Amino acid sequence: MAECTPMLRAVLTAVLCLLALGILLCLIRAIRGPRYTDRVIALNEICTLVIFVICILSYLLGKAYLVDVAILYGLLNLLAVGVNDGLSDVLML
(Lines give C-alpha, C1' and ligand atoms only; values in the text may rest on other atoms or scores of the structure.)
Protein backbone atom coordinates (compact mmCIF):
# COMPACT_ATOMS: atom_id res chain seq x y z
CA MET A 1 0.00 0.00 0.00
CA ALA A 2 1.30 3.46 -0.86
CA GLU A 3 2.54 5.73 1.87
CA CYS A 4 0.09 8.30 3.19
CA THR A 5 1.72 11.74 3.28
CA PRO A 6 0.49 14.42 5.69
CA MET A 7 -0.99 16.41 2.78
CA LEU A 8 -2.87 13.38 1.47
CA ARG A 9 -4.10 12.58 4.97
CA ALA A 10 -5.47 16.14 5.30
CA VAL A 11 -7.21 15.94 1.92
CA LEU A 12 -8.76 12.55 2.71
CA THR A 13 -9.92 13.85 6.09
CA ALA A 14 -11.60 16.78 4.33
CA VAL A 15 -13.22 14.35 1.89
CA LEU A 16 -14.50 12.27 4.82
CA CYS A 17 -16.08 15.42 6.30
CA LEU A 18 -17.77 16.21 2.97
CA LEU A 19 -19.03 12.65 2.69
CA ALA A 20 -20.44 12.88 6.23
CA LEU A 21 -22.25 16.08 5.22
CA GLY A 22 -23.61 14.31 2.15
CA ILE A 23 -24.86 11.43 4.29
CA LEU A 24 -26.59 13.90 6.60
CA LEU A 25 -28.27 15.67 3.68
CA CYS A 26 -29.43 12.35 2.23
CA LEU A 27 -30.79 11.35 5.62
CA ILE A 28 -32.81 14.56 5.72
CA ARG A 29 -34.08 13.79 2.21
CA ALA A 30 -35.02 10.27 3.26
CA ILE A 31 -37.02 11.57 6.21
CA ARG A 32 -38.70 14.50 4.46
CA GLY A 33 -39.10 12.99 0.99
CA PRO A 34 -42.71 13.34 -0.08
CA ARG A 35 -42.63 10.27 -2.33
CA TYR A 36 -41.54 6.70 -1.80
CA THR A 37 -39.02 6.94 -4.64
CA ASP A 38 -37.31 9.92 -2.97
CA ARG A 39 -36.78 7.86 0.14
CA VAL A 40 -35.47 4.82 -1.73
CA ILE A 41 -33.02 6.90 -3.77
CA ALA A 42 -31.84 8.75 -0.65
CA LEU A 43 -31.22 5.48 1.21
CA ASN A 44 -29.38 4.06 -1.79
CA GLU A 45 -27.20 7.19 -1.91
CA ILE A 46 -26.47 6.88 1.82
CA CYS A 47 -25.26 3.32 1.26
CA THR A 48 -23.07 4.44 -1.63
CA LEU A 49 -21.51 7.23 0.45
CA VAL A 50 -20.88 4.81 3.32
CA ILE A 51 -19.03 2.53 0.90
CA PHE A 52 -16.81 5.49 -0.07
CA VAL A 53 -16.18 6.24 3.61
CA ILE A 54 -15.20 2.63 4.30
CA CYS A 55 -12.78 2.61 1.35
CA ILE A 56 -11.12 5.86 2.43
CA LEU A 57 -10.84 4.62 6.01
CA SER A 58 -9.31 1.42 4.68
CA TYR A 59 -6.56 3.43 3.03
CA LEU A 60 -6.02 5.77 6.00
CA LEU A 61 -5.89 2.96 8.56
CA GLY A 62 -3.94 0.59 6.32
CA LYS A 63 -6.46 -2.21 6.80
CA ALA A 64 -7.05 -4.04 3.52
CA TYR A 65 -9.89 -6.17 4.91
CA LEU A 66 -12.11 -3.08 5.05
CA VAL A 67 -12.28 -3.14 1.24
CA ASP A 68 -13.87 -6.59 1.51
CA VAL A 69 -16.35 -5.15 3.99
CA ALA A 70 -17.17 -2.35 1.52
CA ILE A 71 -17.76 -4.86 -1.28
CA LEU A 72 -20.04 -6.94 0.94
CA TYR A 73 -21.92 -3.81 2.01
CA GLY A 74 -22.41 -2.88 -1.65
CA LEU A 75 -23.82 -6.33 -2.43
CA LEU A 76 -26.21 -6.08 0.51
CA ASN A 77 -27.26 -2.63 -0.73
CA LEU A 78 -28.02 -4.10 -4.16
CA LEU A 79 -30.08 -6.85 -2.56
CA ALA A 80 -31.98 -4.36 -0.38
CA VAL A 81 -32.85 -2.17 -3.36
CA GLY A 82 -34.09 -5.21 -5.25
CA VAL A 83 -36.27 -6.31 -2.34
CA ASN A 84 -37.57 -2.77 -1.88
CA ASP A 85 -38.44 -2.57 -5.56
CA GLY A 86 -40.32 -5.87 -5.33
CA LEU A 87 -42.22 -4.69 -2.28
CA SER A 88 -43.19 -1.44 -3.94
CA ASP A 89 -44.69 -3.38 -6.84
CA VAL A 90 -46.66 -5.62 -4.49
CA LEU A 91 -47.89 -2.77 -2.27
CA MET A 92 -48.58 -0.45 -5.25
CA LEU A 93 -46.65 2.45 -3.69
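Within the option set I46, I28, I71, being open to solvent by less than 30 Å² (accessible area, probe 1.4 Å) and of a type in the set (V, I, T) holds for one residue only, I46. Scanning the range 14-58 for residues that are free of Cβ contacts under 8 Å to residues at least 12 places away in the same chain and polar (S, T, N, Q) turns up just one, T37. For the criterion of being in a helix (DSSP H, G or I) and under 28 Å from G86 (Cβ atoms), L8 fails.
Kindly evaluate L18 against the criterion of being farther than 30 Å from G86 by Cβ and open to solvent by less than 50 Å² (accessible area, probe 1.4 Å). Talk me through it step by step, then tell me what you get.
Numbers: farther than 30 Å from G86 by Cβ: yes; open to solvent by less than 50 Å² (accessible area, probe 1.4 Å): no.
So L18 fails the test.
The values are calculated or read from the model by the stated rules, or taken from the named source; none is laboratory data. As the structure is a prediction and not an experimental result, all values here were calculated from the model. Quick reminder, even Gly has a Cβ in these numbers, built from the backbone with ideal geometry, and neighbours come from all protein chains shown. What goes into the accessible areas is simple: the full protein's heavy atoms, side chains included, and nothing from ligands, DNA or RNA. Shrake-Rupley method; radii C 1.70, N 1.55, O 1.52, S 1.80 Å.
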